[in-house]
Amino acid sequence: MTTRDRTAWLQGGDARCAHAPPRVGRAWRIVLLGPPGVGKGAQARLLTRALGACPLSTGDVLRTARNGRSTGPALAEALGRVARGELVPDLVMLEVVHERRQCLDCRGGFLLDGFPRTLGQAVALDAWLAASGTELDAVLDYQLDDAALVARLSGRRICPRCQAVFHLQHHPPRRAGLCDECESELVQRPDDEPAAIAVRLRAFAEATAPLTGYYRERGRLVAIPAGGAPTEILAHTLDWLAARGSRA
Ligand code: AMP
């Protein structure tokens, strides 16, 4: 299977995925770390195909909430922060993920993309996993310089309907401005505007980059150079995971 039904993750609450993932091989529990624009979403899609684990993006949860009709005051305030490129406060994010904790116990494993982003979130994640008798297998730390990140973010266009991602230079849609999957008009994420990009890169450097120390101390960190083609980056990752899998 190449994609996952993410209903439980995207909607939270009582929502359940229509299809439970098949029990195949090992259930990988992985965090994708790295600055905005480094390609975590693309790697999550490729890794899902390769490992079967479900891609769990907190950014997708927030964007899905924005497109929904009703949002409470805390979430409405959080969505304002998303548009400006600021981090959503830990209290809100922890509630959002806690409400979806069942996805961390999914028998297919998971690929967390965009969570944790602060030390407080990392500590909470470890506690939730420990309470279920599990732990992370790896934290993939994708690395790329700021100039390349800005180029990737400013050329990105997304489909507001099906969330497909394109890039004006590297992955243009077949018909200019229209989604290949559902033909909706592509848009630029508000947080991919130049002012918000600067805020996001600063938030990453201040709040998220220090997580590498936390995970290195716990023997979970894997540095992945993210400058090549997505398939090369994937191959590097799979080599490392295969070596780790054979040791586990
Ligand atoms: P992403 O799609 O991962 O780039 O996330 C988009 C935006 O959602 C971020 O710039 C933040 O405003 C917000 N966000 C997503 N995940 C988190 C998180 N774990 N902690 C704080 N803010 C988050």
Tell me which residues, restricted to the range 167-194, are in a loop (DSSP other than H, G, I, E, B) and hydrophobic (A, V, I, L, M, F, W, C). L168, A176, C179, C182, L186
Out of A42, A20, A27, which single residue is assigned to a helix (DSSP H, G or I) and either farther than 27 Å from P190 by Cβ or not charged (D, E, K, R) (or both)? A42
How many residues does the range 63-84 contain that are more than 10 Å from the ligand (Cβ to nearest atom) and touching a residue at least 40 places away in the same chain (Cβ under 8 Å)? 2
Which residue pairs have Cβ atoms closer than 9 Å, lie 6 or more positions apart in sequence or on different chains, and pair a first residue in the range 86-103 that is more than 8 Å from the ligand (Cβ to nearest atom) with a second residue that is charged (D, E, K, R) and not in a helix (DSSP H, G or I)? Q102/R16; C103/R6
Out of everything in the range 13-23 that is out of contact with any strand residue (DSSP E or B) (no Cβ under 8 Å at 6 or more places or on another chain) and in contact (Cβ under 8 Å) with a residue 60 or more places away in the chain, what residue ends up being nearest to the ligand (Cβ to nearest atom)? G13
Evaluate the range 219-230: report whether one residue or more is closer than 21 Å to V150 by Cβ, surrounded by fewer than 16 Cβ atoms within 10 Å (Cβ to Cβ) and within 16 Å of the ligand (Cβ to nearest atom). no
Taking the condition over 20 Å from D60 (Cβ atoms) and at pLDDT below 95, does Q169 pass? yes
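Let's see how each residue does on (1) modelled with pLDDT of 90 or more; (2) among the polar types (S, T, N, Q):
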residue: T7; (1), (2): no, yes
residue: A20; (1), (2): no, no
residue: V31; (1), (2): yes, no
residue: K40; (1), (2): yes, no
residue: L47; (1), (2): yes, no
residue: G72; (1), (2): no, no
residue: V82; (1), (2): yes, no
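Let's see how each residue does on (1) crowded, with 20+ Cβ neighbours inside 10 Å; (2) touching a strand residue (DSSP E or B) at 6+ places or on another chain (Cβ under 8 Å); (3) farther than 30 Å from A243 by Cα:
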{"position": "D90", "(1), (2), (3)": "no, no, yes"}
{"position": "M93", "(1), (2), (3)": "yes, no, yes"}
{"position": "V96", "(1), (2), (3)": "no, no, yes"}
{"position": "R101", "(1), (2), (3)": "no, no, no"}
{"position": "G133", "(1), (2), (3)": "no, no, no"}
{"position": "Q143", "(1), (2), (3)": "no, yes, no"}
{"position": "D146", "(1), (2), (3)": "no, no, yes"}
{"position": "A151", "(1), (2), (3)": "no, no, yes"}
From the list P225, P230, which residue is within 19 Å of the chain's Cα centre (by Cα) and under 30 Å from D90 (Cα atoms)? P225
If you take the residues in the range 32-62 that are closer than 18 Å to P230 by Cβ and of a type in the set (S, T, Y), which one is nearest to the ligand (Cβ to nearest atom)? S57
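The values are calculated or read from the model by the stated rules, or taken from the named source; none is laboratory data. Note that the structure is predicted; figures quoted are calculated from it, not measured. Note that each Cβ is placed from the backbone with ideal geometry, even for glycine, and that neighbours are counted across all protein chains shown.
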